[in-house]
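Notes to accompany the following structure.
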Amino acid sequence: MVVLAVLGASAGAHADPPRDPARVGTAEGLWALGAAGIVTGVTLGLVARADYHHAFDQGSCAEMQDVKVCDQVGYDETHRAVTLGDVGTAFAVGGSLLAVAGAVVYLTAPRGHAVTPVVTRDSAGLALSGRF
């Protein structure tokens, strides 16, 4: 007797079939772009922080009685730093969203079909399994 096809899989017979390679590739691309966005955002944030503190370190800005006071050079430098920090935040948020989108694409990727040889004492054949 030969078994031609069996829908479903017996418990513990084999692991789930692999996910759709095209969707996995798309997910990996989204993860890479997301990681690049997060790294760019963090880098811009650190540069912005350093620029902001530089204005105080060089004497263009000072903190007096919990009020920050700057001359024109310090104002321009801190304003650029704050803007750069905002851009960094946008990159980090965008990168995070891309990473989440990659996870969604990966987790919703359809599983492929697997053909597994089945051999018992009385028969031999193939088992077709997957999510239909």
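Table: residues versus (1) among the charged types (D, E, K, R); (2) within 30 Å of Ala127 (Cβ to Cβ); (3) surrounded by 16 or more Cβ atoms within 10 Å (Cβ to Cβ).
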| site | (1), (2), (3) |
| --- | --- |
| Gly25 | no, yes, no |
| Ala35 | no, no, no |
| Val39 | no, no, no |
| Lys68 | yes, no, no |
| Gln72 | no, no, no |
| Phe91 | no, no, yes |
- Before we move on, is Gly130 open to solvent by less than 90 Å² (accessible area, probe 1.4 Å) and at pLDDT below 85? yes
- Options Ala124, Ala81: the member that is of a type in the set (Gly, Ala, Ser), more than 22 Å from Asp20 (Cα to Cα) and surrounded by fewer than 13 Cβ atoms within 10 Å (Cβ to Cβ): Ala124
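If you check Ala9 against the conditions, is it surrounded by 16 or more Cβ atoms within 10 Å (Cβ to Cβ) and modelled with pLDDT under 95?
In short, yes.
The values are calculated or read from the model by the stated rules, or taken from the named source; none is laboratory data. Computed from a predicted structure; not experimentally measured. Quick reminder, even Gly has a Cβ in these numbers, built from the backbone with ideal geometry, and neighbours come from all protein chains shown. These accessible areas exclude ligands, DNA and RNA; they are computed on the full protein's heavy atoms, side chains included. Shrake-Rupley method; radii C 1.70, N 1.55, O 1.52, S 1.80 Å.
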